[in-house]
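Report on the following structure.
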Number of protein chains: 2
Amino acid sequence: MVHADASNFASGITKEEAYQQVLDQAEGLFYEQRNWVCNLSNAAALLWHAYKSLPYPSNQVNWAGFYTLDPKSLPEKPSLILGPFQGKVACQTISFSRGVCGAAAATGQTQLVHDVESFPGHIACDSESKSELVVPIIVEGKGAATATTAAGNGVVGIIDVDCAVLNGFDEVDKLYLEKLAELIGKSSDWP
Amino acid sequence: MVHADASNFASGITKEEAYQQVLDQAEGLFYEQRNWVCNLSNAAALLWHAYKSLPYPSNQVNWAGFYTLDPKSLPEKPSLILGPFQGKVACQTISFSRGVCGAAAATGQTQLVHDVESFPGHIACDSESKSELVVPIIVEGKGAATATTAAGNGVVGIIDVDCAVLNGFDEVDKLYLEKLAELIGKSSDWP
C-alpha cells in the first residue's frame, strides 16, 4: 500500500469510524518509528483528511496540528512552539498562560471551546476560527508538570484543532483526540 | 495582522509573485525564530496555499513539505526522515540512495522531474503524484556532505513538492524553491 492511501477516508462513514481509522493508521505509521516530528507530521495529515471526509461541521475544520513544549522556554515560564500542522500559517509561540492552547498546556486538561470569542485571552491566529478543541499530550518523565498531571508526568505538547463554525467539536471529538494524544505520547521519543 | 493572512494569496497573481510572497512572508515569520520544526511547518503552509492560488498546473500540487536528515541514520549510510508538510500521509524514511528525494540529498543538487515514472528508483508514496521537484537545503558546518557541496557544507534536508499532473514544475519553480531553501537553511538552527 502506498502511504497516501492511509489518508483516504470512505465517504459516508461516521465520525467515530473516521477517528478509529485515524487511530489505526497512526498506530501502523508509528510502528518502529519513534521520531516525534515524523509522527506528528503524519498524524496532522490523518486528522486533516478525516475531517474533510466528514459532514458538517467537521468538514469546516480549518486547522489541525500540534504545538510542543518550546525547548528554549524556561521551566518556570514554559511556552509552546508551533509543530507540524495542516492549514494556514499559525502563531509560532504561545505562552502557557495564554489562550485555549495555553490553558490546555498549563492545566493538563482538554479544552473544548464552542465559541472562541467567549474564551478569555483567546489568541486569534486566524479570524476565521470560531471553535476549538485542544488536548494535552502527557508523557511520563517528560515535559512540563501541571497541577493535574500525575507525579513525574508532564505536558510535552498539545493537539489543536480549529473549526470555521461555532460548535465545531463535541464530546466524541474530545474522546478520540484524547485517545490519539495518548497514542502519540507513548509512541514517540520526546526531546 | 493575524498569522493566517500570510497564507492568503490574491487571485490572478503570477507564479513569480506568489513565490515572492512566500519568500517575504517566510522571512518575516523566521525573524527572531530559529526553531527548525516551527519554521518548516509554516513554510509548508505558505507553499501549499501559494500553489492552490495559482492556475494549472501549480494548483494540482498534491504534496508540499520537507524531509530532514534522520538523526538516527549513520553518517556512512544517511537517510531522510519525514518533516512538516501539507498533503496526504507520506513515507517516513528515505535512503539517500533512493528516489527523487534521495538523489537530491545524495548529490546536493536540485531534481526537477517532469515524469516521476521515468525516474529510476522512484518511490511511489502516492500513486497520484506524476511530477516532482526536490531542492536540497545546504548549511555550513551541518548535515551530510555530498560530492557537490563546498567543503564543510552539508545537506540538512530537502524541500519536496509533488504534482498530480505531468510537467507540474519548471525552471521558475526551481529558481524560487532554491531561494527558499537558502533562506530556510540560514534562518534555522539545525540539529
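Rg over Rh of the stretch A:26-75, using C-alpha atoms and the Kirkwood radius, what does it come to?
On the way: Rg = 13.9 Å, Rh = 12.6 Å.
Over the Cα atoms of the stretch A:26-75, Rg/Rh equals 1.10.
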15 Å beta-carbon shell around A:P78, net charge (K/R +1, D/E -1): +2
Which value, in nm² and rounded to one decimal, describes the direction-averaged projected area of the C-alpha convex hull of chain B? 10.1 nm²
What are the distances, in nm and sorted shortest first, from the label point of B:G12 to the label points of the same position in each other copy, with each label point placed 7 Å from Cα along the Cα-to-Cβ direction? 4.3
Quick one: P(r) of the stretch A:1-48 from all Cα-Cα pairs, 10 Å bins, percents rounded to integers, in order of increasing distance. 26, 56, 16, 1
What is the list of residues in the stretch A:1-20 whose amide nitrogen lies under 14 Å from a point 7 angstrom out from the Cα of A:K52, following Cα to Cβ? A:4-11
Compute the distance from the alpha-carbon center of the stretch B:167-191 to that of the stretch A:1-41, in whole Å. 29 Å
Shape metrics for the stretch B:25-114, restricted to C-alpha atoms - Rg then Dmax, Å: 14.4, 43
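Please compute the volume of the convex hull spanned by the alpha-carbon atoms of the stretch B:129-178 and report it per residue in Å³.
Details: hull volume 3.9 nm³, N = 50.
Taking only Cα atoms, the stretch B:129-178 has a hull volume of 79 Å³ per residue.
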Report, as a whole number in µm² per second, the diffusion coefficient that Stokes-Einstein gives for the protein assembly as shown at 10 °C and 1.306 mPa s using the Kirkwood radius over alpha carbon pairs. 77 µm²/s
Between copies, how close do the B:N167 label points come, placed 7 Å along Cα→Cβ, listed in nm from shortest? 5.1
Taking the Cβ of A:S58 as the center, what net charge do the other residues with Cβ under 9 Å away carry, scoring Lys and Arg +1 and Asp and Glu -1? +1
Modelled FRET efficiency - R0 25 Å, A:K77 with A:D115, Cβ distances, 0.05 increments: 0.30
Kindly put A:S7, B:S187, A:S118, A:S97 in sequence by how many other C-beta atoms sit within 10 Å of each C-beta, fewest to most. A:S118, A:S97, B:S187, A:S7
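Pairs B:K15/B:K142; A:K72/B:K142; A:K179/B:K186; A:K179/B:K77: which exceed 29 Å Cα-Cα?
Numbers: B:K15/B:K142 32 Å; A:K72/B:K142 20 Å; A:K179/B:K186 38 Å; A:K179/B:K77 36 Å.
Distance filter (> 29 Å) returns B:K15/B:K142; A:K179/B:K186; A:K179/B:K77.
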Averaged over residues of B:10-22, the number of beta carbons from other chains lying within 10 Å of each residue's Cβ is 0
Would you calculate the separation in nanometres between label points at B:A151 and B:S127, each defined as 7 Å from the Cα along the Cα-to-beta-carbon direction? 5.0 nm
Please find, among residues of chain B, the one with the beta carbon closest to the rotation axis relating it to chain A, distance in whole Å. B:P84, 2
Partner shielding of B:74-87, taken as the mean number of other chain Cβ atoms within 10 Å, equals 4
At B:E178, label 7 Å along Cα→Cβ: distances to the other copies, nm, ascending? 5.3
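Since every read-out is calculated from the coordinates, none of them should be taken as a lab result. None of the values given here were measured: they were computed from a predicted structure. Every residue, glycine among them, receives a Cβ derived from its backbone with ideal geometry; neighbour counts consider all protein chains shown.
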